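J.: Before I ask anything, here is the structure I am working with.
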Amino acid sequence: QVQLVESGGGWVQAGGSLRLSCAASGRTFTGYTMGWFRQAPGKEREFVAAIFWMLGNTYYADSAKGRFTISTDNAKNTVYLQMNSLKPEDTAIYYCASSRVFLQSRESGYDYWGQGTQVTVSS
């Protein structure tokens, strides 16, 4: 049974940093794309970043470029999202997901999702 469990969310002031983790289990993820999405109150869920686990190729939404970094730890079977220079508009629930499609950015292309972790950035 595939499980994705996010952690690391919290409250931070604007300009601060957080590192989100997604512990993956239930299958081998090396041939999959892992993605981070977020959903702010009253808004649709949006793509943030993706990584193809086996090769480390990455893809970022424009809002994340230069501030966020997605990475994996094979030994821990964990995906990370390092978020720097956080802004109030980054406030959202952040979700981890897996896809069979290379560097997928469309939500519909992901088949397993975590429960999400809340990130709140105050001004």
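J.: Assign unit charges at the C-beta atoms only (+1 for Lys and Arg, -1 for Asp and Glu), then state the dipole size of the chain relative to its Cα centre in Debye, rounded to the nearest 20.
T.: Details: 11 positive and 9 negative charges, 27 e Å.
Magnitude of the dipole: close to 140 debye.
J.: Lys and Arg at +1, Asp and Glu at -1: add these up for the other residues within a Cβ distance under 15 Å of Trp53 and post the number.
T.: On the way: positive: Arg27, Lys76, Arg100; negative: Asp73, Asp111.
Surrounding charge for Trp53 is +1.
J.: Next question. Have a look at Ala14, Tyr94, Val2 and report the one farthest towards the positive end of the charge dipole of the chain, computed about the Cα centre with Cβ charges (Lys/Arg +1, Asp/Glu -1).
T.: After comparing all options, I get Val2.
J.: Quick one: what are the phi-derived ³J(HN,Hα) couplings along the range 109-123, Karplus 6.51/-1.76/1.60 with θ = phi - 60°, whole Hz, x for glycine and proline?
T.: Coupling constants for the range 109-123: x, 9, 9, 10, 9, x, 8, x, 9, 7, 10, 10, 10, 9, 8 Hz.
J.: Among Tyr112, Tyr80, Tyr32, which one shows the highest mean-square fluctuation when the chain is modelled as a Gaussian network with alpha-carbon springs under 10 Å?
T.: Of Tyr112, Tyr80, Tyr32, the most mobile in the Gaussian network model is Tyr112.
J.: If you don't mind, another one. Take the solvent-accessible surface of the protein heavy atoms, probe 1.4 Å, and return the percent of it on the chain that carbon and sulfur atoms account for.
T.: Values: 2910 of 6200 Å².
Percent of accessible area from carbon and sulfur atoms in the chain: 47.
J.: Sticking with this one: When the Karplus curve 6.51 cos²θ - 1.76 cosθ + 1.60 is applied with θ = phi - 60°, which whole-Hz ³J(HN,Hα) does each residue of the range 11-22 get, with x for Gly and Pro?
T.: Whole-Hz 3J(HN,Hα) from phi for the range 11-22: 9, 8, 7, 3, x, x, 10, 9, 10, 8, 10, 9.
J.: What's the Cα-based Rg to Rh of the range 1-105, Rh via Kirkwood?
T.: On the way: Rg = 13.1 Å, Rh = 13.8 Å.
Here the Rg-to-Rh quotient is 0.95.
J.: Run the reach check for Lys87 against aspartates and glutamates, Cα to Cα strictly under 20 Å, same-chain hits fewer than 8 apart removed. What comes back?
T.: Partners within reach: Glu44, Glu46, Asp62.
J.: So, for the chain, what is the accessible surface per residue at a probe of 1.4 Å, expressed in square angstrom? Please list the in-between numbers first.
T.: Details: 6200 Å² over 123 residues.
Heavy-atom SASA per residue in the chain reads 50 Å².
J.: Using θ = phi - 60° and the Karplus curve 6.51 cos²θ - 1.76 cosθ + 1.60, what whole-Hz ³J(HN,Hα) does each residue of the range 49-60 get, with Gly and Pro shown as x?
T.: 6, 9, 9, 8, 4, 5, 10, x, 4, 10, 8, 10
J.: I've got another one for you. Just want the answer: with Cβ charges of +1 for Lys and Arg and -1 for Asp and Glu, which residue in Asn57, Gly42, Gly116 is farthest toward the dipole's positive end in the chain?
T.: Sorting the options by dipole projection puts first Asn57.
The values are calculated or read from the model by the stated rules, or taken from the named source; none is laboratory data. Remember, it's a predicted structure, so these values are computed and weren't measured experimentally. No Cβ is skipped: glycine too gets one built from the backbone with ideal geometry, and neighbour counts run over all protein chains shown. Accessible surface areas use protein heavy atoms only, side chains included; no ligands, DNA or RNA. Shrake-Rupley method; radii C 1.70, N 1.55, O 1.52, S 1.80 Å.
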